[in-house]
Amino acid sequence: MDPIIKIENLSLVYDLGKANETKALADITAEIYPKEYIVFFGPSGCGKSTLLYVIAAMQAQTSGTIFMHDKNLGKMTEKEVTDYRQSSISMVFQQYNLIPSLNVLDNVAIPQTFRDIGPQERNPKAQALLDRFGIGAFSTRLPTELSGGQQQRVSVARALVNNTPIILADEPTGNLDSKSTQNVLDIFQELNEKDEKTIILVTHDPNQLQYAHRIFHMKDGRIIKQTINNQRTQLIDSIAREKLIKSTSAVSSAIADILSVYPELTESRLKAKAIVNYLISELDTQQLDRLERLVEDRLLGKISKDDFYAALDDPIEKGGAGMNFQSAKKIDSSIEALLAETDAIQKNIGVIDKDGKAKQRVISEIRSQLTAIVPSPLKDEQLGRLDACIAQRMAGAIDRNGFFENLDMAASHGGVGLRREVAEDMARRMEILLIRFKDYTE
């Protein structure tokens, strides 16, 4: 089977040669096959939407090539590009982009008007699509009279009215509630499985990966890996699949990583842990381990602020955490805010004295930091119990769970009597503070 879309060494640079030059896409190579459901997955700013717009011929690349069958998009005439957009691809956006002054039926039929198809032919097509998606009764209403989920179904119907083989969807559920999101995802699944449309979906939501045949993971304008969803029957032939297999077994490699850390886990538990790690984080096990070590070194003052940030961004092979720019910036800001808090405590405590008198001052200062997140002032009895909990945790008499349970326990039962979410947040902060004040623990 030949690919329907073939991308080779594609790059896109904004303001090329200027001081503010920005590389949006870097050396992208990918093949997409007919009837596949493909997901471009990654955090905001990774280039996934930009890549979709290049495929849609809405954005020109700086270098490299992209072919639709044997047609080079970069060498198309203006007329050929127009025909490509009308007959080969359709777009569904996060914003519904419906014309507010036209009723629902006319919005769906618009693409047909650009192909000079008269109302006798285009209106029945549009109505049939509205009926299919359960919104046929709203055909004479204006878009503003529909809910967000209904408006998005209208935009999907509009994308289908020209019966193009490829549907491009840019975060189509980004503005929808969970029920409407599921409805739209069910529609895309049906279009792929029953109508045999090629779907290319952009998302940052890991819950949507299950629908894809293959996932292209992106970071900083690059495709960093591909994942094959073995729960779906693959459409590419065995040769093409073999070319991908080494870079696509994300969950399997995660199991191997976890097994090295948790050799006592059963096979089923290993699989469960790998899947959970895969769903909740874009970082693999090696990155998480590197990140933990870097954070610990920064909290202990072993590396400087600049070195810490650089290490977050550096690739794994160079000793860094291999994170994207946005994530690195967020973690760096959080750590520096924490260090500012703990530095304030250190300043108030002064130098550690040998007879241990400084320990009570540590407890007092930690308490001040912890209670800063409490919505209303604590009573003296609660503060006394909190001090006791801090002292016990510092001495190792209770673990993190014990600390949390004492905070969460009702005051009438001898606990501090905090709301559960406050107790959980306080317990998390306590564990971080312990790293910096280990010299005061027993």
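The values are calculated or read from the model by the stated rules, or taken from the named source; none is laboratory data. In this text, all values refer to a predicted model and were calculated from it rather than measured experimentally. Here Cβ is always computed from backbone atoms with ideal geometry, including for glycine, and neighbour counts include all displayed protein chains.
Do any strands (runs of 3 or more DSSP E) lying entirely in the range 164-229 carry at least 1 residues that are surrounded by 19 or more Cβ atoms within 10 Å (Cβ to Cβ) and among the polar types (S, T, N, Q), and which ones are they? So the answer is 198-203, 222-228. The residues of the range 287-336 that are in contact with a Gly (Cβ under 9 Å, 6 or more places away or on another chain) and charged (D, E, K, R), listed by number, are Arg290, Asp313, Asp314. Restricting attention to the range 42-59 and to residues that are touching a Leu at 6+ places or on another chain (Cβ under 8 Å) and under 23 Å from Thr164 (Cβ atoms), the residue that is surrounded by the fewest Cβ atoms within 10 Å (Cβ to Cβ) turns out to be Gln59. Quick one: Tyr37 ticks every box in (1) closer than 22 Å to Gly174 by Cβ; (2) of a type outside the set (Gly, Ala, Ser); (3) modelled with pLDDT under 95 bar one, so which box is it? All conditions pass for Tyr37, except number (3).
If you go through the range 375-390 and keep only what is more than 15 Å from Glu431 (Cβ to Cβ) and modelled with pLDDT of 85 or more, you end up with Pro377, Leu378, Lys379, Asp380, Glu381, Gln382, Leu383, Gly384, Arg385, Leu386, Asp387, Ala388. Looking across Asp297, Asp313, one residue alone is within 24 Å of Arg429 (Cα to Cα), touching a helix residue (DSSP H, G or I) at 6+ places or on another chain (Cβ under 9 Å) and at pLDDT 75 or above. It is Asp297. Scanning the range 362-383 for residues that are of a type outside the set (S, T, N, Q), surrounded by 12 or more Cβ atoms within 10 Å (Cβ to Cβ) and in a helix (DSSP H, G or I) returns Val362, Ile363, Glu365, Ile366, Arg367, Leu370, Leu383. Mind telling me which of the residues Leu98, Leu105, Leu129, Leu51 ends up being assigned to a helix (DSSP H, G or I), under 28 Å from the mean Cα position of the chain (by Cα) and modelled with pLDDT of 90 or more? Of Leu98, Leu105, Leu129, Leu51, the one residue that is assigned to a helix (DSSP H, G or I), under 28 Å from the mean Cα position of the chain (by Cα) and modelled with pLDDT of 90 or more is Leu51.
Candidates Ala137, Ala126: the one that is exposed (fewer than 15 other Cβ atoms within 10 Å of the Cβ), among the hydrophobic types (A, V, I, L, M, F, W, C) and over 21 Å from Ile55 (Cα atoms) is Ala137. Within the range 74-103, the residues that satisfy the criterion of being surrounded by fewer than 15 Cβ atoms within 10 Å (Cβ to Cβ) and in contact with a helix residue (DSSP H, G or I) (Cβ under 7 Å, 6 or more places away or on another chain) are Asn97, Ile99, Pro100.
Out of curiosity, is Gln151 under 19 Å from the mean Cα position of the chain (by Cα), in the same structural domain as Ile32 (by TED's automatic domain parsing) and either under 30 Å from Pro3 (Cβ atoms) or assigned to a helix (DSSP H, G or I) (or both)?
It is false that Gln151 is under 19 Å from the mean Cα position of the chain (by Cα), in the same structural domain as Ile32 (by TED's automatic domain parsing) and either under 30 Å from Pro3 (Cβ atoms) or assigned to a helix (DSSP H, G or I) (or both).
For every residue, the table says whether it meets (1) more than 18 Å from Ala159 (Cβ to Cβ); (2) assigned to a strand (DSSP E or B); (3) of a type in the set (Gly, Ala, Ser).
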residue: Lys18; (1), (2), (3): yes, no, no
residue: Ala24; (1), (2), (3): yes, yes, yes
residue: Gly64; (1), (2), (3): yes, yes, yes
residue: Phe67; (1), (2), (3): yes, yes, no
